[in-house]
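Take a look at the structure set out below.
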């Protein structure tokens, strides 16, 4: 059967759907239009092009075999007709026609279709504040903007830059400017933490500490009020709390799905503007598919709609649409929200819910945090990573995991493994027993994921009582003698430095000597036990419980977490 | 409730069970015995101690906080009594007593128990050939042997070594000798490939090629017949095919479970000697638990017993036993056989079945092979990896994955993710849509796992017809003009070198020009299409099918796989 398919949008989803469909039905016709001239680029690579890691923007448009994906490429290698600089202005569903307009000439035309794919993507959110259109203010909506940014920094025209928004793209762009070009870069974020919603406050502060050490400046919990300048060029930025100089401002305050075209055609669209699709990625019109950054997804933990504009999801959805266009029956059920982002020499990654997100979604949830190396503790190249696990207390089901660490690939591997477990509705007990490929250069005999499941089980059973570095800090800095008894249960050699620095507020009894030296420990105070990573302090807590001490807490992640978090001891 | 627990064996499982139990029941008594003096060491780290990566053998016995796990450590920090140099000679189940003997003095004694744990481990398989007891022949059964090996190589006494067995330990030991100490090292293996049973012949040959390049010599498909020497020291080794000089021989021909003690006590033991346990790790005597290298496991794909001596499984089982000793209800259901091994600058990893194992176990299975980088193809630090997926053709269920590549952590992460999917009985379609955390420094928008699922689906649907580098080699080297038409569908610049070297047997039509140049392609011959990695040759095949060419095959993994495999073009 020969079909005539029109695809609106030629980045990520569109090309993938087109190519898949053409491979399944080489005899059918596909026309793909895009209002831009540059198409089918790896948008997620933009920060690495801006930084210079990727020398030429053509690489973001090239295949792995170095052919640039332009109109000619699609025609010749995929059998797909592409019209660039052509905008869809209206979908006439009755007549099965897309009305189009040439962006440069204004010429109008129409494209009839049997099946239509809406792949209109998303647009960077505009803040709606004065000065947003000044020269030097960028919203990074496409590769051309990226080229302009890179050109400006490469010419040394930018001394001070401000990035608005501490989400994935904002932080990646900030790193690109600061790390590779030495631009004095500040990040303004309205939320009180970086990566709001996807990271817990504890992991976010660990990431923040590292980025500050690498030279980025942060203004968290500040709302941008105004951009101003002279001669039409931005030079200053005012938040509700401070005023900053800036030769360049990059607004990375999220994106908004481009659902207007669909909405105007009477296709169902969510309140936030995302096109609504079923698990076959069909819109409310069965002849029209949609996917990528313009659609609403289903969250696989709740079944509720959510929005997650990611190139990876767009690609997978594109293939599903391509299959279904050819009469197949492929599904895309939704997502757990897996992510990873490199931040200088660290990375953060996660899947599923943070504790706060789980609570907000009605789960009776708890979370635990662990620090452990990626490899056997005796293997020379090990690197620590911190993982935080959120789980449901009643069903013991895993709800999410997030991590912070230097060990990028190793940590991402753990996160992806947990994501696969989320699909299977796995529990913390499954995590305890999880089979992980083992060899000392790659993992511990008891992998960090196993330890994480163990920790969750112990906390849930009340065998372990934990507090995080945030709670430690509150008690430590707020303390005036009435706080808990801080007990360092490491060996004397490890505790020595702190004992000397801090003096009488810090106490040291090695874990193995607690039973014999129990008289030294007050019975009328809460006791907070700390070791290197939380393993020995758990054992100390068990001993103290056995000795009848009623109120004992172990610092999860131990000194390693306190250091990464930046507690001043 | 206070219990008296005796544990026979103090490496991996024993200590873990003891410590877990004591944390749950601090008031109970645990006595752990071991016939060796050195206990609780990380046995999997032995090759890295022999190589010198780990400077001191004490590190294999130390905790992450640098305390050596000796008798005193267990007494003081875990509340566990340890008796070293003490051997269990008989279990009297009626009297609930273990009869023991001091290895040095021969003194006998007995230990009463309420609950007993058998953690007797395994013994390296002896070959039963002449000369096996000569000086210089090692079976690496414990840390003392490792110390002796290292001492000998460190003193420069070893010029030529032979490792017998190309399994995990054999290859790790061979690398240690060759890479770090410059010993001329040969590996003798009776099977025709390295890592028999866990890797396909194709991946095994890729690994072999790399190890040969790094200086190891191999005698595959050779059976060791005799060791000989002079003055009681080994100097020569004879197989059924060759004769080798050797100052040192390391026999790494697998291990045999130490099930004799259990068997003699009337406890159920498998034909191969592994103690039989249920999912709570209880033996046929409900007061006696067993785990680690001395037990038979259940394979989670078949439910059938199998044997997989791994430190990681032993640790997890130890915890399960510790919980159950304290009246808990923890389970250990079995394993999929996940593994990873570092081989110089490459690694191989896997989980579940290879194609051959799946067929042997009665599955209607097929496999596909793919080569793709770990990161976005435009990201500068990408490294290729090769993955081979085995799946059931009827149910589409994933049965296993194995990989070869330089990207260790990234590849292991993929393997662990698939292992988690095996538990969920996931299909190749789940793999196509699998949500992987995405950012260019860590993955592709279409991750290699997604591509692998896609490839399997296309092959199963007959849309893609693939052959591996092994089949290519057969046709290429066996060809005399009557073979297939070899069509390189890369761009001319990429194909040029081969065209010049090979001449008329090699043909080049870029994928995008096949339609217009179809007249050049013979219609009366099978056509074998090749590109860089198999993606373009698939598209070429689709076009050729559409043009009516009846017999077209795409080389999976493309030139990348042919190179790694070592096809001489």
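All of the numbers you see were taken from the coordinates with simple rules; none came from a lab. Because the structure is a prediction, the values reported are computed rather than measured. Because the Cβ atoms are built from the backbone with ideal geometry, glycine has one as well, and the counts that use them run over all protein chains shown.
With a point put 7 Å past each Cα toward its Cβ, work out how far residue B:151 is from residue A:213 in nm, to one decimal.
Roughly 4.2 nm, to one decimal.
Can you give the average number of partner chain beta-carbon atoms within 10 Å of each beta-carbon in peptide A:50-59, as a whole number?
Numbers: counts 0, 0, 0, 6, 5, 1, 1, 1, 1, 5.
Mean number of neighbouring Cβ atoms from other chains: 2.
Subtract the Cα-Cα distance of residue B:141 and residue B:56 from 0.36 nm times their separation in residues, and report this length gain in nm to one decimal. Before the final figure, lay out each step's value.
Details: separation 85, 0.36 × 85 = 30.60 nm, distance 1.81 nm.
Gain in length upon complete extension: 28.8 nm.
Gap in Å between the Cα centre of the stretch B:470-501 and the Cα centre of the stretch B:385-415?
If we compute the Cα centre of each part, the gap is 27 Å.
Hey, what did the stretch A:7-64 get for relative contact order, percent, Cα under 8 Å, at least 6 apart?
Relative contact order for the stretch A:7-64 comes out at 34 percent.
Relative to the longest principal Cα axis of chain B, at what angle does helix B:408-423 sit, 0 to 90 degrees, rounded to 10?
Taking the Cα atoms of chain B, the angle to B:408-423 is about 80 degrees.
Run the paramagnetic zone check for residue B:159: 7 angstrom along Cα to Cβ, then residues of the stretch B:195-225 with backbone nitrogen under 20 Å.
Within reach of a label on residue B:159: B:215-218.
What percentage of all Cα-Cα pairs in the stretch A:41-125 are separated by more than 21 Å? Numbers along the way, then the final one.
On the way: 1773 of 3570 pairs.
When every Cα pair of the stretch A:41-125 is considered, 50 percent fall beyond 21 Å.
Cα convex hull of the stretch A:469-547: mean projected area in nm², to one decimal?
Numbers: hull surface 20.5 nm².
Mean orientational projected area (the stretch A:469-547, Cα hull): 5.1 nm².
Using a 10 Å cut-off on Cβ atoms, rank the peptides B:52-63, B:360-371 from the highest mean neighbour count down. Could you put the intermediate results ahead of the total?
On the way: B:52-63: 17.5, B:360-371: 19.7.
Ranking, from highest mean packing down: B:360-371, B:52-63.
Residues of B:340-353, mean number of Cβ from any other protein chain within 10 Å of their own Cβ, rounded to a whole number? If you can, show how the numbers build up before the last one.
On the way: counts 7, 5, 4, 0, 0, 0, 0, 4, 0, 3, 1, 3, 0, 0.
The shielding value for this peptide is 2.
How shielded is A:314-321 by partner chains, expressed as the average number of their Cβ atoms within 10 Å of its Cβ atoms?
Per residue, the average neighbour count from other chains is 4.
What would the Debye equation give as log₁₀ I(q)/I(0) for the stretch B:137-253 at q = 0.10, 0.21 Å⁻¹, counting only Cα atoms as equal point scatterers?
-0.27, -1.19
State the residue of chain B whose Cβ is nearest the axis carrying B onto A, and the distance in whole angstrom.
B:413, 1
Specify the inter-centroid distance of the stretch A:265-289 and the stretch B:315-335, based on alpha-carbon positions, in whole Å.
First find each Cα centre; the distance between them is then 49 Å.
Taking the Cβ-Cβ separation of residue B:29 and residue A:569 as r and a Förster radius of 35 Å, what is the calculated FRET efficiency to the nearest 0.05?
Values: r = 39 Å, r/R0 = 1.11.
Approximately 0.35, to the nearest 0.05.
For the stretch B:61-80 and the stretch A:172-232, write down the distance between their C-alpha centroids in whole Å.
Using only Cα atoms to place each centre, the spacing works out to 45 Å.
Given a Förster radius of 41 Å and the C-beta distance between residue A:241 and residue A:501 as r, what FRET efficiency does 1/(1 + (r/R0)^6) yield to the nearest 0.05? Don't skip to the end; give the middle numbers.
Details: r = 34 Å, r/R0 = 0.82.
The value I calculate is 0.75.
Between residue A:223 and residue A:395, what is the spin-label point distance in nm, taking each point 7 Å from the Cα along the Cα→C-beta axis?
Simple spin-label model gives 3.7 nm for this pair.
Can you pull the Rg over Rh of the protein assembly as shown, Cα-only, Kirkwood? Walk me through the intermediate numbers first.
Details: Rg = 31.6 Å, Rh = 31.9 Å.
Checking Rg against Rh, the ratio lands at 0.99.
To the nearest 10 degrees, how steep is helix B:201-213 against the longest Cα principal axis of chain B, on a 0 to 90 scale?
The helix B:201-213 is inclined about 80 degrees to chain B.
So for A:395, A:553, A:105, B:283, fewest C-beta neighbours within 10 Å to most, what's the order? Kindly include the intermediate steps, with their values, before the conclusion.
Working: A:395 13, A:553 20, A:105 8, B:283 23.
Final ranking by Cβ density, sparse to dense: A:105, A:395, A:553, B:283.
How big is the Cα convex hull of the stretch A:339-458 in projection, averaged over all directions, in nm²? Display every interim value, and only then the final one.
Values: hull surface 27.7 nm².
The directionally averaged projection comes out at 6.9 nm².
Once both labels are modelled 7 Å past Cα along the beta-carbon direction, what's the residue A:97-residue A:304 spacing in nm?
4.3
Can you give the FRET efficiency for residue B:89 and residue B:263, using 1/(1 + (r/R0)^6), R0 = 22 Å, r = Cβ-Cβ distance, to the nearest 0.05? Could the numbers behind the result be given before it?
On the way: r = 14 Å, r/R0 = 0.62.
Approximately 0.95, to the nearest 0.05.
Where does each of B:310, A:411 land when they are ranked from fewest to most other beta-carbon atoms within 10 angstrom? The partial results should precede the final answer.
Details: B:310 23, A:411 31.
Least to most surrounded, the residues fall as B:310, A:411.
How far is residue B:260 from itself in the other copies, in nm, if each label sits 7 Å out from Cα along the Cα-Cβ line, shortest first?
Distances to the matching label points in the other copies: 8.3 nm.
So what is the 222 nm mean residue ellipticity for chain B from helices alone, if each DSSP H run of at least 4 adds -39500 (n - 2.57) and you divide by all residues, rounding to the nearest 500 deg cm²/dmol?
On the way: 16 runs with 157 residues, N = 569.
One gets -8000 deg cm²/dmol as the mean residue ellipticity at 222 nm.
Starting from a label point 7 Å past Cα on the Cβ side, list the distances from residue B:159 to the same position in the other copies, nm, shortest first.
Distances between equivalent label points, in nm: 7.0.
Over chain A, what is the relative contact order in percent, taking alpha-carbon pairs closer than 8 angstrom and at least six residues apart? Write down the numbers at each step before the final one.
On the way: 1282 pairs, mean separation 62.1, N = 569.
The value is 11 percent.
Roughly what angle does helix B:311-325 make with the longest principal axis of chain B, taking Cα atoms, 0 to 90 degrees, to the nearest 10?
50
Quick one: of the DSSP bridges fully inside the stretch B:256-397, what percent are antiparallel, nearest 5? Don't skip to the answer; put the middle values down first.
On the way: 18 of 20 bridges.
Of those bridges, close to 90 percent are antiparallel.
Measuring nothing but label to label, 7 Å from Cα along Cα→Cβ, what are residue A:271's distances to the other copies in nm, shortest first?
Nearest to farthest, the other copies are at 6.7 nm.
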